[in-house]
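Visitor: Got a structure here, written out as structure tokens. Questions coming.
Taken together, the values in this text are just the output of simple stated rules run on the coordinates, not laboratory data. Just so we're clear, the structure is a prediction, and the values are computed from it rather than from any experiment. A quick note on method: Cβ atoms are made from the backbone with ideal geometry, for glycine too, and the neighbour counts reach across all protein chains shown.
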Amino acid sequence: MKLYRFLHKLRAAINNIETQFATSEQQSLMLGRLLSENIRARKRITSLNEVEFKVFSQWGDDGIIQWLANNLDFPNKTFVEFGVENYRESNTRFLMMNNNWSGLVMDGSESNVSQIINSEYYWKYTLSAKSAFIDKDNINNLLSSSELHEDVGILHIDLDGNDYWIWKEIRAISPIVVIMEYNSVFGIDRSITIPYEKDFYRTKAHYSNMYYGASLRALHQLSTEKGYSFIGCNSAGNNAYFVRKDKLNDSVREISLENGYVLSRFRDSRNEKGELTYLTDQNRLEAIRGMPVLNIETNKIEKL
């Protein structure tokens with residue numbers, strides 16, 4: 001009898017938490033819709049941070065994406081996002097729930113994908129979720145098998161590793177907007193990326209978590225080769241935005257690398273025990289000094 005009462009109380013407590021979470025999420029959606037309406041009329045901006053706001057994104061990317069959705073021509077209101085974990089914090093979820101876009105999300109963890117599939121929003125919207133560790137050999141097959149139209153609206157790549165190499169390899173789709181995570185610690189002067197490793201894992205590569213991805217200059221060079229223009233970065237200094245050149249207009253315009261670059265300020269460095277060390281500025285680069293990087297311009301391995 002005591003066990004029954006305990007389980008009953010436990011179930012009631014869980015239900016209460018779920019109700020509070022659902023209420024909080026609905027309130028966030030309502031606020032997001034108000035903020036989205038507020039930026040709808042903003043046709044000319046000098047920086048993407050003018051339209052930032054956060055609902056489900058880690059930083060202010062929800063607002064940037066809403067502004068782009070209002071100011072670009074998207075024949076297909078679809079998205080693809082890599083590295084979403086359990087999708088609770090992501091850049092495309094508000095777009096799906098507020099604008100009714102459909103899309104594909106992928107993550108390397110089967111547990112994360114299972115949480116997505118079992119969520120309430122999974123049946124409410126046209127969302128596909130796949131568990132896959134993405135590499136150069138499988139990325140195009142993963143995209144092709146999802147029956148996506150070539151002109152995907154938005155592609156967001158956040159893999160904490162081979163981001164440059166995966167975008168370089170993609171041929172199955174030609175997204176209108178590409179959001180790429182860049183490594184601000186690598187600076188703006190060098191066009192560099194980590195050398196490709198199929199099973200690259202950020203923490204294993206270097207305990208500090210500072211050694212991953214590519215510099216903004218490397219991604220900028222790749223974007224030009226693929227027919228895209230750089231339009232700026234979020235104010236956090238970790239996501240860069242590129243728009244297919246045929247979709248640029250009077251509101252969404254190309255800017256220079258120097259004017260659009262943002263230096264990150266977040267302090268997520270770690271020591272060998274996995275504890276936060278809160279390194280800032282040049283100290284972050286010193287933590288990974290000597291690690292190998294590929295110079296995109298010379299195609300030679302160099303050291304940080």
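Visitor: Taking the stretch 159-173 on its own, how many of its residues are under 13 Å from the mean Cα position of the chain (by Cα) and charged (D, E, K, R)?
Guide: 2
Visitor: So Thr280 fits all but one of (1) free of Cβ contacts under 8 Å to residues at least 60 places away in the same chain; (2) closer than 30 Å to Gln66 by Cα; (3) β-branched (Val, Ile, Thr); what number is the exception?
Guide: Thr280 satisfies all of (1) free of Cβ contacts under 8 Å to residues at least 60 places away in the same chain; (2) closer than 30 Å to Gln66 by Cα; (3) β-branched (Val, Ile, Thr) except (2).
Visitor: Restricting the search to the stretch 218-229, which residues are surrounded by fewer than 23 Cβ atoms within 10 Å (Cβ to Cβ) and either of a type in the set (Phe, Trp, Tyr) or in contact (Cβ under 8 Å) with a residue 60 or more places away in the chain (or both)?
Guide: Gln221, Leu222
Visitor: Filter the stretch 251-289 for residues that are of a type in the set (Phe, Trp, Tyr) and either surrounded by 16 or more Cβ atoms within 10 Å (Cβ to Cβ) or under 16 Å from Arg202 (Cα atoms) (or both) and give the result. Let's see the steps before the verdict.
Guide: Taking the stretch 251-289 as the starting set, the residues that turn out to be of a type in the set (Phe, Trp, Tyr) are 261, 266, 278.
Answer for the stretch 251-289, where residues must be of a type in the set (Phe, Trp, Tyr) and either surrounded by 16 or more Cβ atoms within 10 Å (Cβ to Cβ) or under 16 Å from Arg202 (Cα atoms) (or both): just Tyr261.
Visitor: Could you list all residues from the stretch 85-102 that are more than 16 Å from Gln66 (Cα to Cα) and either surrounded by 23 or more Cβ atoms within 10 Å (Cβ to Cβ) or touching a Leu at 6+ places or on another chain (Cβ under 9 Å) (or both)?
Guide: Of everything in the stretch 85-102, just one residue is more than 16 Å from Gln66 (Cα to Cα) and either surrounded by 23 or more Cβ atoms within 10 Å (Cβ to Cβ) or touching a Leu at 6+ places or on another chain (Cβ under 9 Å) (or both), namely Tyr87.
Visitor: So, one more: Determine, yes or no, whether Arg42 is in contact with a helix residue (DSSP H, G or I) (Cβ under 9 Å, 6 or more places away or on another chain), basic (Lys, Arg) and more than 18 Å from Val152 (Cα to Cα).
Guide: Yes: the conditions hold for Arg42.
Visitor: Still on this structure: Among the listed residues Ala240, Ala132, identify the single one that is closer than 30 Å to Glu50 by Cβ and either hydrophobic (A, V, I, L, M, F, W, C) or crowded, with 21+ Cβ neighbours inside 10 Å (or both). Before the answer, list the steps.
Guide: Working: Ala132 fails: closer than 30 Å to Glu50 by Cβ.
Only one candidate passes the filter, namely Ala240.
Visitor: Right, something else. Among the residues in the stretch 198-206, are any in contact (Cβ under 8 Å) with a residue 40 or more places away in the chain, surrounded by 14 or more Cβ atoms within 10 Å (Cβ to Cβ) and touching a strand residue (DSSP E or B) at 6+ places or on another chain (Cβ under 8 Å)? Full working, then the answer.
Guide: Initially, the stretch 198-206 is screened for residues in contact (Cβ under 8 Å) with a residue 40 or more places away in the chain, giving 198-199, 201-203, 205-206.
Still in the running and surrounded by 14 or more Cβ atoms within 10 Å (Cβ to Cβ): 202, 205-206.
Adding the requirement that they be touching a strand residue (DSSP E or B) at 6+ places or on another chain (Cβ under 8 Å) leaves none.
No: the stretch 198-206 contains no residue that is in contact (Cβ under 8 Å) with a residue 40 or more places away in the chain, surrounded by 14 or more Cβ atoms within 10 Å (Cβ to Cβ) and touching a strand residue (DSSP E or B) at 6+ places or on another chain (Cβ under 8 Å).
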